[in-house]
1. What number of residues within the stretch 77-89 satisfy the criterion of being surrounded by 14 or more Cβ atoms within 10 Å (Cβ to Cβ) and at pLDDT 90 or above?
2. Could you list, in sequence order, all residues of the stretch 199-215 that are under 19 Å from Leu160 (Cα atoms) and surrounded by fewer than 22 Cβ atoms within 10 Å (Cβ to Cβ)?
3. Based on this model, can you work out whether Ile148 counts as more than 30 Å from Asp95 (Cα to Cα), at pLDDT 95 or above and open to solvent by less than 20 Å² (accessible area, probe 1.4 Å)?
4. Select from the stretch 166-178 the residues that are touching a helix residue (DSSP H, G or I) at 6+ places or on another chain (Cβ under 6 Å) and at pLDDT below 95 and write down the one among them that is surrounded by the fewest Cβ atoms within 10 Å (Cβ to Cβ).
5. Does Ala93 satisfy being open to solvent by 40 Å² or more (accessible area, probe 1.4 Å), modelled with pLDDT of 95 or more, in a helix (DSSP H, G or I) and of a type in the set (A, V, I, L, M, F, W, C)?
6. Taking only pairs six or more apart or across chains, which ones have beta-carbon atoms under 6 Å, a first residue in the stretch 84-98 that is of a type outside the set (Gly, Ala, Ser), and a second residue that is surrounded by fewer than 18 Cβ atoms within 10 Å (Cβ to Cβ) and assigned to a strand (DSSP E or B)?
7. Would you be able to say whether some residue in the stretch 63-76 is outside any loop (DSSP other than H, G, I, E, B), among the aliphatic types (A, V, I, L, M) and at pLDDT below 95?
8. Restricting attention to the stretch 107-124, does a residue exist that is more than 19 Å from Arg52 (Cβ to Cβ), in contact with a Lys or Arg (Cβ under 8 Å, 6 or more places away or on another chain) and modelled with pLDDT under 95?
Amino acid sequence: MPDAGTHTGTIDEAEREARLVAAEEQAEELFAEVERRGLIAAGERESVVSNRVRDLAAELFGVEKHWHKRVVRAGPNTLEPYRQNPPDRVIEADDIVFVDLGPVFAEWEADVGRTFVLGDDPVKLRLQADLPRIWADARAHFEATPDISGAELYAHVCGLAQAAGWDFGGPHAGHLVGEFPHELLDGERIESYIAPESTKPMRRPDVGGRRSHWILEVHLVDRERRIGGFREQLLTLR
């Protein structure tokens with residue numbers, strides 16, 4: 001994965017932020033095209049959909065790298081957090097599906113996750129609708145709390161999930177963007193995550209002395225019904 005420090009030393013903070021936003025906007029365009037083309041379809045394996053999204057990113061934007069593994073989860077697999085690798089599943093006609101992408105656009109990382117519902121199940125549709133609302137409520141709390149820590153924001157997001165009737169499905173609710181591989185969740189790097197053990201203020205300089213930028217993740221699950229949904233995007237910009 002390219003470290004943001006390898007390509008930000010010669011640009012100012014405003015340009016750095018603009019490029020991070022531009023990368024996310026391109027990722028959102030990619031999601032919109034995935035939906036327009038109907039790539040998430042019943043009868044397809046998760047792995048096939050993942051490869052088609054990869055090929056579409058290359059076709060539309062020349063993307064050659066993804067800074068973390070592509071995640072396509074359907075049905076009961078949507079209960080599993082990022083680090084897990086459940087068996088490849090065939091998407092069914094009434095499934096809920098989420099996609100988590102980390103494409104690299106011109107050496108700038110995006111990390112965006114969205115949820116799709118096939119069919120008209122009212123519980124799945126409510127879960128899908130709650131994701132952007134809870135994400136926005138969590139961001140509003142972050143904006144209103146200048147000294148908030150990762151642990152405090154994680155607790156708040158879990159509370160929002162519970163108030164809406166869901167469980168929170170992940171061991172963390174996001175991470176710094178551009179400074180580390182997604183896969184390294186351990187004691188030495190816990191302050192890079194929005195997690196229970198992350199006690200430092202989120203508004204602090206990063207390892208290069210620049211402003212820290214964060215991704216906020218919301219993973220809602222209903223363990224009884226064996227469904228989940230996921231949303232993530234930039235917290236500190238846009």
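1. Of the residues in the stretch 77-89, 6 are surrounded by 14 or more Cβ atoms within 10 Å (Cβ to Cβ) and at pLDDT 90 or above.
2. Correct list: empty.
3. Answer is yes for this residue.
4. Leu176
5. no
6. Every condition considered, the pairs that remain are Asp88/Arg45; Val90/Arg45.
7. Step one: list which residues in the stretch 63-76 are outside any loop (DSSP other than H, G, I, E, B), which gives 66, 71-76.
Restricting the remaining residues to those that are among the aliphatic types (A, V, I, L, M) gives 71-72, 74.
After this cut, where a residue has to be at pLDDT below 95 as well, the list is 71-72.
Yes; the residues of the stretch 63-76 include at least one that is outside any loop (DSSP other than H, G, I, E, B), among the aliphatic types (A, V, I, L, M) and at pLDDT below 95.
8. yes
The values are calculated or read from the model by the stated rules, or taken from the named source; none is laboratory data. Note that this is a predicted model, so its numbers are computed, not measured. Reconstructed Cβ throughout: ideal geometry from the backbone, glycine too, with neighbour counts over all protein chains shown. Remember, those area values only see protein heavy atoms, side chains included, never the ligands or the DNA or RNA. Shrake-Rupley method; radii C 1.70, N 1.55, O 1.52, S 1.80 Å.
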